[in-house]
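See structure below.
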Amino acid sequence: MWVKLSLLILISIPVDSFARHFKSDIDEEDSLQTALITFNVITPSIPDTDLVYIAGNNSLLGHWAPDRVPLTRLDNDQWQIIFRFPAGSHLEYKITRGSWLTEAVDLDGNIPDNYQLYIKTDTVVTHQIFAWRDNFDRLLPGKVTGIHRVHFNLSFPGLKPRNVIVWLPPGYHSQPQCRYPTLYMHDGQNILDPMTSAFGHDWQIDETADSLIKQHLIEPLIVVGIYNTVDRAKEYAPCDLGRSYMDFVVGTVKPFIDSTYRTMPGPLFTATGGSSQGALIAFMLLWEHSDVFSMAACLSPAFRFDKVDYTSFVRKTSGPGHNIRIYLDNGRTGLDSLLQPQLDEMVDVLTAKGFQLGQQLFVFIDPDGQHSEIYWAKRFWRPLTIFWGANEE
């Protein structure tokens, strides 16, 4: 099979199971079969010293690291890489020259959605690249609405140092008597600024929160974004590194924020949130540290993948009781459509434990939603108003 994909047009291959990264959802029969996938990339001329990379949602694709999986140069403008994936895998990926500031864009400099490929049989995929992000002077400006601070290289034993960004609500400095609830977000570089976001689009939490606060639709709050590292896949999972990351959040980041800013430090006023595996670690923090957090916003959550099955853990444990609120959110398109059974299963487990929809458990499904910051940005007003709506008691 030969399929040509351009930066503007995608031809999809039928799908009947899930991505290798979430291989626990692949049908047993499909998982016994593999397909040879050849990626050909045709580029505009680039310097001889440059390389072309593929970055995507799979360990073979570097778990979205933009400079980890180089292609082989066949001639001046043609590049190639060949993989073998289980049949039924769903891939999402992009093409770069080694960073997200040099990813492939269209002729107008617009950043495209992720390429998607549903693997059924041996396939050759060809991408014609028209331009690169750094070809355009009109790059997305680094701009955060409101006041923010960045704290560099917070460290914890066994973890790589990382930055933490803090967004302060309108009136923070003019009302020194006020204290504020706090939201701790994972993948923090993606939540406020398109220039630091891995994919060129941010969650726009600053614009959303600023607008809702000024319209008196939500209470003012502080937002803390904890950057990820190259160890993200393990830090956001129920393993030793994930437990260390949770200890870092609970024992280092939160005390630092509480001592530096005018927070309301109790669990009743403290939430956490994220997407995909970031949603998983947010859920884990709520479930296992309800003495610290009472709310979690989990968008496009990945509760089961590889050997991870956090839903079974939740089913087997008594949990924190019903003095918490959980927001679960997903799309119906692309990777999100394949995550939907996991969300449905978690909802069933939670309702069986007595969590009531609309009281402790909130669920929203976006029929057009995809697994990307663009769509999470469109929906994030929902958990903000649920957790901090101005009319909340």
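Taking Ala302 as the residue in question, decide whether it is in contact (Cβ under 8 Å) with a residue 40 or more places away in the chain, over 22 Å from Gly389 (Cβ atoms) and outside any helix (DSSP H, G or I). When the stated conditions are applied, Ala302 passes them.
When Val292 is tested against (1) assigned to a helix (DSSP H, G or I); (2) in contact with a Pro (Cβ under 6 Å, 6 or more places away or on another chain), just one condition goes unmet, and that condition is (1). For the range 250-297, the set of residues classified as among the small types (Gly, Ala, Ser) and touching a helix residue (DSSP H, G or I) at 6+ places or on another chain (Cβ under 6 Å) consists of Ala271, Gly273, Gly274, Ser275, Ser294, Ala296, Ala297, listed by residue number. Residues that are exposed (fewer than 15 other Cβ atoms within 10 Å of the Cβ) and at pLDDT 95 or above within the range 71-83 comprise Thr72, Ile82, listed in sequence order. Would it be correct to say that Ile42 is farther than 26 Å from Ala233 by Cα and modelled with pLDDT of 90 or more? For Ile42, the condition - farther than 26 Å from Ala233 by Cα and modelled with pLDDT of 90 or more - is met. Looking at Ile326, is it assigned to a helix (DSSP H, G or I), under 16 Å from Phe283 (Cβ atoms) and among the aliphatic types (A, V, I, L, M)? No; evaluated as a whole, the condition is false for this residue.
Is there any pair with a first residue in the range 151-167 that is in contact (Cβ under 8 Å) with a residue 12 or more places away in the chain and among the β-branched types (Val, Ile, Thr) and a second that is part of a strand (DSSP E or B) and surrounded by fewer than 11 Cβ atoms within 10 Å (Cβ to Cβ) whose Cβ atoms are under 9 Å apart and which are 6 or more apart or on different chains, and what are they? From the range 151-167, the pairs are Val164/Phe152. Could you list, in sequence order, all residues of the range 298-309 that are modelled with pLDDT of 95 or more and surrounded by fewer than 22 Cβ atoms within 10 Å (Cβ to Cβ)? Within the range 298-309, Asp309 is the sole residue that qualifies. Taking the criterion of being over 20 Å from Ser294 (Cβ atoms), exposed (fewer than 14 other Cβ atoms within 10 Å of the Cβ) and not basic (Lys, Arg), the only residue of the range 316-342 that qualifies is Pro341. Taken over the range 88-114, residues that are hydrophobic (A, V, I, L, M, F, W, C) and modelled with pLDDT under 90 amount to 5. Working only within the range 343-382, note down all residues that are assigned to a helix (DSSP H, G or I), within 16 Å of the chain's Cα centre (by Cα), buried (at least 18 other Cβ atoms within 10 Å of the Cβ) and not hydroxyl-bearing (Ser, Thr, Tyr). Answer for the range 343-382, where residues must be assigned to a helix (DSSP H, G or I), within 16 Å of the chain's Cα centre (by Cα), buried (at least 18 other Cβ atoms within 10 Å of the Cβ) and not hydroxyl-bearing (Ser, Thr, Tyr): Leu343, Glu373, Trp376, Ala377, Arg379. Note on the range 171-196: residues that are aliphatic (A, V, I, L, M) and surrounded by fewer than 22 Cβ atoms within 10 Å (Cβ to Cβ) amount to 1.
The values are calculated or read from the model by the stated rules, or taken from the named source; none is laboratory data. It should be emphasised that the depicted structure is a prediction, and the values quoted were computed from it without experimental measurement. Because the Cβ atoms are built from the backbone with ideal geometry, glycine has one as well, and the counts that use them run over all protein chains shown.
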